[in-house]
């Protein structure tokens, strides 16, 4: 019983702390916009002000090129998550601000664990979800 | 306010409780649980109620102001102080629970200073009265937590669409109530498991647990300095 209880606790404790995935940054939003090629489109994400910090109001801008903008609606959702750590649902609504351009305001929260790696996933459709993984500064 | 919003908050808390809180708040729960041998469930329930009370208070503030940043910038210094205080408390609990410093009962010959130190150490070692745990939960509910921040962000966003400030405030309170209730099962389970471990393997695991607590406490303090 003791071993069983301890095992459960250890699994839960490690699950809460685990890095889960071997995610690494593929984007440096402090230096400039990040671009991804997805399904024939070029998607560019820009976050300002720079450097991108936790607990500050940020403006997220997304620009599409290389395809028909008619595919996209008047607004899009940008999901902010931390690889390997459940941080709740934090989604920024991006409103259309031009032919191929969407912008919205949001906040990246700070985690007590000291982790700074975040992932922004653009929820366009079930098959089209470009992601940008980056470090946020304190 | 849509019922679905509250259900989403409850589920967010439930998922976050197991995927986030156990890892981040597990050491805090371990710290207050290990010395407690008299109360079966009451201390866990009271601690969680205190924590949820604080969440509801913060939900009321973001609901009323419609701003997440107004709250977080206002309580930043308080959170820093609580984190240092919690860190030091966990270190002291680790030291006394691990038996790294021998405790003697204060005698008539003890000086007032050593008597106060001994009584403080005994408080940290436990068992404590049930009345300790609700205020403890209220204070530690202010600990900076990314998951709670996300819940508060959701409450701030939702309150911006409320009819008036009062409706926004109530929305914030209820959203954080449901979020807090969702996080409770994971911490209650963690606390109960620690109780079981503590009761059956006091001598073997207390030294190890106390070392983890001391390291956690040091981490809390170093993190904010």
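Structure notes:
- Some residue of segment B:5-21 being more than 14 Å from chain A (Cβ to nearest Cβ), modelled with pLDDT of 85 or more, within 21 Å of residue B:179 (Cα to Cα) and surrounded by 21 or more Cβ atoms within 10 Å (Cβ to Cβ): no
- Segment A:80-120: number of residues that are in contact with a helix residue (DSSP H, G or I) (Cβ under 8 Å, 6 or more places away or on another chain) and in a loop (DSSP other than H, G, I, E, B): 8
- Taking the criterion of being under 22 Å from residue B:77 (Cβ atoms) and in a loop (DSSP other than H, G, I, E, B), the residues of segment B:123-160 that qualify are B:141, B:142, B:143, B:144, B:145.
- Flag for residue A:106 being closer than 23 Å to residue B:142 by Cβ and within 9 Å of chain B (Cβ to nearest Cβ): no
- Screening residue B:196 against (1) at the interface with chain A (Cβ under 10 Å from one of its Cβ atoms); (2) not in a helix (DSSP H, G or I) leaves a single unmet condition, (2).
- Residue-level analysis places residue B:167 among those that are surrounded by fewer than 17 Cβ atoms within 10 Å (Cβ to Cβ) and in a helix (DSSP H, G or I).
The values are calculated or read from the model by the stated rules, or taken from the named source; none is laboratory data. For clarity, every value in this text was computed on a predicted model and none was experimentally measured. Glycine also receives a Cβ, built like all others from the backbone with ideal geometry; neighbour counts cover every protein chain displayed.
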